[in-house]
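Here's the structure we're looking at; comments come further down.
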Amino acid sequence: MPDLSQARVGVIGGSGLYAMPGLRDVREIRLDTPFGRPSDAFRLGTLEGVETVFLARHGCHHHLLPSEVPYRANIWAMRKLGVRWLISVSAVGSLQEHLRPRDMVVPSQFIDRTHQRPQSFFGEGCVAHVSLADPFCPELSSLLANAAEAEIPGGHQLHRGGTYLCMEGPAFSTRAESELYRSWGCSVIGMTNHTESRLAREAELAYASLSMVTDFDCWHSEHEAVSVEMVIGNLQANARATEPILSRLVQQIALERPASVAHQALAQALITPADQVPTETRRRLDLFVEPYWGPAVEG
């Protein structure tokens, strides 16, 4: 198991969360990566004395569509900055009656309906197959749910577990699609977390999601169809609730330094022999594979 004593906590803020309340002694860091430029500058500071890195997923002015988010660059940079626990704060629609707007969900599973995104760091001469049976880190998800239950304000409710349906977007669902996903037993619908989760597993980051319900998608006959105005109003209420939850969570992470199977996800996943990987591919991957293969040989 890697040494986690100096590892940092990362937070990716979704729609409505473009800065991290409570972050102190902040400095901005801009990184270039082998996979392009990240969504925005990273804000590195301390939250309750714990070194924490924040990134606005869609950029601080929300200029990136879900399909345009540079997911690989974002996750690579988080690992480069020493993050090993990564929390997503995301807006989602509800697909179930009991998951009401302004509730929060810590999901445990995914169904992926995206089709326009690079979803792996590997390829171009190097093959790896990580396990995604449990795509969210159970240990980190449990700590996150505990923190949310302890700090959630009145008018909100925390739900543990459930399936996150990840759609391509940027348009919201048709009614037929929404009913189909409900028939599959999905809990919430969003446009980003599955892509992050897959890449976080390859980067050996423990990943969990605080999914903030903003609407009932469009299936609910007694509620108006989802609109941007409705989403924004509930986003703002949800964003105000995140600071005490994240503050409690990072304190617990600092206390426990929870180990995750994700932290060694590549140990049994690398298929291609190291000496057969093209030099340029190896350089792009070295941040992840060096613990197993040693440093790349310059040539």
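Yes or no, residue by residue, for (1) closer than 18 Å to His129 by Cβ; (2) in a loop (DSSP other than H, G, I, E, B); (3) under 26 Å from the mean Cα position of the chain (by Cα); (4) not charged (D, E, K, R):
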{"position": "Val250", "(1), (2), (3), (4)": "no, no, yes, yes"}
{"position": "Ala259", "(1), (2), (3), (4)": "no, yes, yes, yes"}
{"position": "Thr281", "(1), (2), (3), (4)": "yes, no, yes, yes"}
{"position": "Leu287", "(1), (2), (3), (4)": "no, no, yes, yes"}
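Looking at segment 71-113, which of its residues are farther than 21 Å from Ala56 by Cα, touching a helix residue (DSSP H, G or I) at 6+ places or on another chain (Cβ under 8 Å) and of a type in the set (S, T, N, Q)?
Of everything in segment 71-113, those that are farther than 21 Å from Ala56 by Cα, touching a helix residue (DSSP H, G or I) at 6+ places or on another chain (Cβ under 8 Å) and of a type in the set (S, T, N, Q) turn out to be Gln96, Ser108.
Select from segment 90-100 the residues that are touching a Lys or Arg at 6+ places or on another chain (Cβ under 9 Å) and either of a type outside the set (Gly, Ala, Ser) or surrounded by fewer than 17 Cβ atoms within 10 Å (Cβ to Cβ) (or both) and list them in ascending order.
Leu95, Gln96
Kindly indicate whether Thr33 is modelled with pLDDT of 95 or more, surrounded by fewer than 19 Cβ atoms within 10 Å (Cβ to Cβ), over 15 Å from the mean Cα position of the chain (by Cα) and closer than 28 Å to Ser183 by Cβ.
No, not satisfied.
Residue pairs, Cβ under 7 Å, 6 or more apart or interchain, first in segment 67-91 and without any contact (Cβ under 8 Å) to a residue 60 or more places away in the chain, second aliphatic (A, V, I, L, M) and outside any strand (DSSP E or B). List them.
These pairs meet every condition: Ala77/Leu31.
Quick one: in segment 139-198, which of the residues that are aromatic (Phe, Trp, Tyr) and modelled with pLDDT of 95 or more is farthest from His58 (Cα to Cα)?
It comes out as Trp184.
Go through segment 261-279 and count every residue that is within 22 Å of the chain's Cα centre (by Cα) and over 17 Å from Asp3 (Cα atoms).
1
Can you find a residue in segment 125-135 that is within 15 Å of Asp217 (Cβ to Cβ) and without any contact (Cβ under 8 Å) to a residue 12 or more places away in the chain?
Within segment 125-135, the first condition is being within 15 Å of Asp217 (Cβ to Cβ), and the residues that meet it are none.
No, segment 125-135 contains no residue that is within 15 Å of Asp217 (Cβ to Cβ) and without any contact (Cβ under 8 Å) to a residue 12 or more places away in the chain.
Restricting to segment 166-177, name every residue that is buried (at least 17 other Cβ atoms within 10 Å of the Cβ) and in contact with a His (Cβ under 9 Å, 6 or more places away or on another chain).
Listed by number, the list holds a single entry, Cys166.
Could you grab the pairs with beta carbons closer than 7 Å, sequence gap of 6+ or different chains, first residue in segment 260-277 and within 12 Å of Glu202 (Cβ to Cβ) and in contact (Cβ under 8 Å) with a residue 60 or more places away in the chain, second one buried (at least 17 other Cβ atoms within 10 Å of the Cβ) and of a type in the set (Ser, Thr, Tyr)?
Close Cβ pairs (under 7 Å, with a partner that is buried (at least 17 other Cβ atoms within 10 Å of the Cβ) and of a type in the set (Ser, Thr, Tyr)) amount to Ala262/Tyr207.
Based on this model, can you work out whether Ala77 counts as buried (at least 24 other Cβ atoms within 10 Å of the Cβ), small (Gly, Ala, Ser) and either closer than 20 Å to Arg284 by Cβ or at pLDDT 95 or above (or both)? Don't jump to the end; show me each part of the working.
Details: buried (at least 24 other Cβ atoms within 10 Å of the Cβ): yes; small (Gly, Ala, Ser): yes; either closer than 20 Å to Arg284 by Cβ or at pLDDT 95 or above (or both): yes.
Answer is yes for this residue.
I'd like to check something: does segment 101-116 contain any residue that is surrounded by fewer than 18 Cβ atoms within 10 Å (Cβ to Cβ), among the aliphatic types (A, V, I, L, M), without any contact (Cβ under 8 Å) to a residue 24 or more places away in the chain and in contact with a strand residue (DSSP E or B) (Cβ under 9 Å, 6 or more places away or on another chain)?
No.
State yes or no: is Thr46 touching a strand residue (DSSP E or B) at 6+ places or on another chain (Cβ under 7 Å), of a type in the set (S, T, N, Q), buried (at least 22 other Cβ atoms within 10 Å of the Cβ) and modelled with pLDDT of 95 or more?
For Thr46, the condition - touching a strand residue (DSSP E or B) at 6+ places or on another chain (Cβ under 7 Å), of a type in the set (S, T, N, Q), buried (at least 22 other Cβ atoms within 10 Å of the Cβ) and modelled with pLDDT of 95 or more - is not met.
The values are calculated or read from the model by the stated rules, or taken from the named source; none is laboratory data. Not measured: the values here are computed from a predicted model. Counting neighbours? That spans all protein chains shown, and the Cβs are built from the backbone with ideal geometry, glycine included.
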